[in-house]
Amino acid sequence: MREKYESLSLAVLRELAKARGLKKISALKKGELIEAMLAEDEREAQENRREEHKKNPAGRKEEKKDERKTEKKQEEKRTEERKLMEEKRLDESSLDSGETANGILEVMPDGYGFIRCENYLPGENDVYVSPSQIRKFNLKTGDIITGNTRIKQQQEKFSALLYISSVNGFHPSEAAHRKAFEDLTPIFPNQRLRLETNSSGVAMRIMDLVSPVGKGQRGMIVAQPKAGKTTLLKDVARSIKRNNPEMHLIILLIDERPEEVTDIKEAIEGGNTEVI
């Protein structure tokens, strides 16, 4: 019956569900609607069996025997499932390399993905993430993944992720039910970032007064060449690091000279900082 429902369109399924008296179906997805229809089928089947019992009392004993057999089979099935789960857990512990992978996920067009461990670019230390894990936890490109890797085989080019510990700092089950980024409601920045510090110059004080910034802020510095744009950016980065140490700072340098990249790396040191 499930295959029959899956072959129908969502609109047809909603019409069928409406005709059968199911409520609150407009917000259900196709998979949820199919489960509701199957549950209704099961409920109707039970009602039919009860009606047959009333009409045929002599057949109740035989029916009870069948029920006991069914319960016994279900118990055996549950025992087998528990055994398989235990074997799987032991198998996972034997495959665990003990090494933890942490990085940004890049999902490929074919459904699998890689945890990019070096500067967000493909490298030898990347970790393979299977399509089943990506589907199970609703993973997307850009997610920060933490998990243990499986013992690497000789013929394997990349290590593979055995299990996921966290997604963006949260439990993987929370990531599985999150909304798509496109469906979130955009709002104006409501958490201000103070730039003035005891050691900062007058520029940061002026920015706090004239053009305050907050988390989620977009901004642009427009000035003539050699006017001090890079110096101002370095001051902003240092102020954010000092006043908001919990923030992760990413500085992306495009078409900059190598000596300028070195200068910025030396000027902005410490944890939670990446200069790319």
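The values are calculated or read from the model by the stated rules, or taken from the named source; none is laboratory data. This is a predicted model, so every value here is computed, not measured. Please note: Cβ atoms are built from the backbone with ideal geometry, for glycine as well, and neighbour counts cover all protein chains shown.
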Among the numbered conditions (1) touching a helix residue (DSSP H, G or I) at 6+ places or on another chain (Cβ under 6 Å); (2) closer than 29 Å to Leu233 by Cα; (3) part of a strand (DSSP E or B), tell me where Glu196 comes up short. (3)
Residue under question is Gly271, and the condition is that it be at pLDDT below 85, over 25 Å from Pro186 (Cα atoms) and small (Gly, Ala, Ser); does it hold? yes
Cβ-Cβ below 9 Å, separation at least six or inter-chain, first residue in region 17-39 and at positive phi, second part of a helix (DSSP H, G or I): which pairs? Gly21/Glu40
Please count how many residues of region 211-232 are out of contact with any Gly (no Cβ under 8 Å at 6 or more places or on another chain) and not in a loop (DSSP other than H, G, I, E, B). 5
Hey, Ser166 hits all of (1) within 24 Å of Glu246 (Cβ to Cβ); (2) surrounded by 17 or more Cβ atoms within 10 Å (Cβ to Cβ); (3) in contact with a Ser or Thr (Cβ under 7 Å, 6 or more places away or on another chain) but one; which does it fall short on? (2)
Every listed condition ((1) surrounded by 10 or more Cβ atoms within 10 Å (Cβ to Cβ); (2) at pLDDT below 75; (3) part of a helix (DSSP H, G or I)) holds for Lys61 save (1)
In region 190-243, anything without any contact (Cβ under 8 Å) to a residue 12 or more places away in the chain and within 32 Å of the chain's Cα centre (by Cα) is listed as Arg218, Gly219, Met220
